[in-house]
Amino acid sequence: WPFAMHIVLRSLEAMPGAECSGTLPRLRAYRSSRVFTRQPALVVVIVGVGLVLCQLLSISQACVLRSPSAESSGLLMPRRDMIWQSFVSVALAPTVAAASSLPQATASLPPIVGLGTGGLKVATTIALALRLGYRFLDTAAFYGNEAAIKEAIRSEVVAGRLRREDVHVTTKVWWSELGHEKTAASLEASLQRLGLDYVDLALVHWPGRWLSQNRQENAELRFGTWLALEAAACSGKAKAIGVSNFRECHLEETFGYCSIPPVVNQVELHPYNQHRALVRACRDRGVQVEAYSPLAAGGMGLLQEPVLVDIAQRKGATPAQIVLRWLLQGGVVPIPKASSEKRLLENLSVQESVGPLTPPELSAIDALERAQPCDPSAALLGGIGLTDSRRIA
């Protein structure tokens, strides 16, 4: 069986995309693991399956296979992707878990404080943020402002104040575009609207369809979507890939089959909605947490909270800056929205203008937890932060 495994590896090495897909690293890790030497019967079965799959790959690289269980959702998956995922995730998953080392698209993680652009559709405001020093722009296909971001970046580049590689651009695939083909098309359309050859980070905006409780359909859509994002990472159209509004169960599922794991999970996170268990799960898996609506969208009375006002007065800061400082000290990347020059500067300068919070101050802010989201999309889409019966399956 060592010789047979060698044949499988050599066959896969000759196939385009196998290295990037993660198949080869996992097989090599498996070959060097103790399981390989201790379970010869299992190895023979796996290698036999592998040889058959290699033959299928060599015959029908360009074929497309429709998943029978995905007929209702119209999900199309490339045959080679399904074979790779089946071989790695099904045949090897029980024995490779401890031995495998997943490749990661971590070439471009965001700077400390980003600019949330939802609702910002004027290029001059975004260009102002860039001139003030913002180097992380968070957008999405759903926001309808990718063309404005294109204009803002281009104006600063033409003026010689900026280079494309200086700016981290994140975009997201909306829930209506989930699935392999739709996600690929959505990302391509976003690149065209942004006028970019690549985005620094591409995210799955929501883990399922509108208020959908169809677990099978949502799981298949997430699977196809992730394959499309991995392909974008391999082709250079996305320097890194990740998710948004994913709960622990969604993360566990994704890590069960991914070849390139998500580097980011972007969720609504502020003192009233802290997602402590989710944050711990992300950290355990090496996933960076980003916070959208870190100031509760300026509502819910968060910035009038006596605890925050008191700390702000003692430190000569604003309550908003205290919240952002609390997030940063917790290892979370905040993405606040702002449009005025004053607010943009306040948010961006929080690291330099606000000293570290003390343990008692951190504890006082931690105690504000209510598990209460402010994003109306969370209610409409069954997102995280609500009761289990309303969440996306």
Open item on the list: Under the rule of at least 5 residues apart or a separate chain, name every residue whose amide H is placed under 5 Å from the amide H of Ala238.
Closed with: Val199, Ala233
- [ ] Multiply the residue separation of Gln351 and Asp284 by 0.36 nm, subtract the distance between their alpha-carbon atoms, and state the gained length in nm to one decimal.
- [x] 21.6 nm
Open item on the list: Can you give me the Kirkwood hydrodynamic radius for the range 109-162, using every pair of distinct Cα atoms, in Å to one decimal?
Closed with: 11.1
TODO: Compute the signed sum of charges (Lys and Arg +1, Asp and Glu -1) over the other residues within less than 10 Å, Cβ to Cβ, of Leu203.
DONE: -1
- [ ] Please identify every one of the trypsin sites (Lys or Arg not before Pro) in the range 157-254 that sits in a loop by DSSP and has no more than 11 other beta carbons within 10 Å of its own beta carbon.
- [x] Arg163
TODO: Convert each backbone phi in the range 363-371 into a coupling constant with the Karplus relation 6.51 cos²θ - 1.76 cosθ + 1.60 (shift: θ = phi - 60°), then list the ³J(HN,Hα) values in order as whole Hz, x for Gly and Pro.
DONE: 5, 5, 6, 4, 6, 7, 3, 10, 6
Open item on the list: Viscosity 0.692 mPa s, temperature 37 °C: give me the Stokes-Einstein translational D for the range 288-361 in µm²/s, with Rh taken as the Kirkwood radius over C-alpha pairs.
Closed with: 264
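So for each of 261-268, 183-190, 363-370 I average, over its residues, the number of other beta carbons within 10 Å; can you give me the resulting order with the highest mean first? Present the calculation step by step, with values, prior to reporting the outcome.
Working: 261-268: 24.9, 183-190: 19.5, 363-370: 14.9.
Averaged packing, sorted descending, gives the order 261-268, 183-190, 363-370.
For Ala364, what is the net charge nearby, where nearby means another residue's Cβ is under 15 Å from its Cβ and Lys, Arg count +1, Asp, Glu -1? All intermediate terms of the calculation are to be shown ahead of the outcome.
Details: positive: Arg314, Lys315, Arg325, Arg370; negative: Glu305, Asp310, Glu361, Asp366, Glu369.
Result for the neighbourhood of Ala364: -1.
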Open item on the list: Quick check: Cα centre of the range 138-171 to Cα centre of the range 340-363, how many Å?
Closed with: 25
- [ ] Ratio to report: Rg/Rh of the range 252-375, with Cα atoms as the point set and Rh obtained by the Kirkwood method; give two decimals.
- [x] 0.99
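Among the listed pairs Lys172/Lys239; Lys237/Lys337; Lys237/Lys342; Lys182/Lys237, which have their C-alpha atoms separated by more than 24 angstrom in this model? Can you show the working numbers first?
Numbers: Lys172/Lys239 13 Å; Lys237/Lys337 26 Å; Lys237/Lys342 35 Å; Lys182/Lys237 16 Å.
Long pairs (Cα-Cα over 24 Å): Lys237/Lys337; Lys237/Lys342.
Arg154: net charge of surrounding residues, Cβ under 15 Å, Lys/Arg +1, Asp/Glu -1, itself excluded? It would help to have the intermediate numbers written out before the result.
Working: positive: Arg131, Lys150, Arg161, Arg163, Arg164, Arg193; negative: Glu146, Glu151, Glu156, Glu165, Asp166, Asp197.
Residues near Arg154 contribute 0 overall.
Determine, from the Cβ-Cβ distance of Lys342 and Thr124 and an R0 of 22 Å, the FRET efficiency 1/(1 + (r/R0)^6), rounded to the nearest 0.05. Intermediate values should be presented prior to the final figure.
On the way: r = 16 Å, r/R0 = 0.73.
Working from the Cβ atoms, E equals 0.85.
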Task: Residues Ser363 and Ala277, FRET efficiency given R0 of 22 Å [Cβ-Cβ distance, rounded to 0.05] - done: 0.75
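Could you tell me what percent of the DSSP beta bridges with both partners in the range 157-309 are antiparallel, to the nearest 5? The partial results should precede the final answer.
On the way: 1 of 16 bridges.
Around 5 percent antiparallel, to the nearest 5.
Hey, with R₀ at 45 Å, roughly what FRET efficiency would Arg164 and Asn214 work out to, going by the Cβ-Cβ distance, to 0.05?
Numbers: r = 41 Å, r/R0 = 0.90.
FRET efficiency, Arg164 to Asn214: 0.65.
No value in this document is a laboratory result; all are computed from the given coordinates. All values reported here derive from a predicted model rather than from experimental measurement. Please note: Cβ atoms are built from the backbone with ideal geometry, for glycine as well, and neighbour counts cover all protein chains shown.
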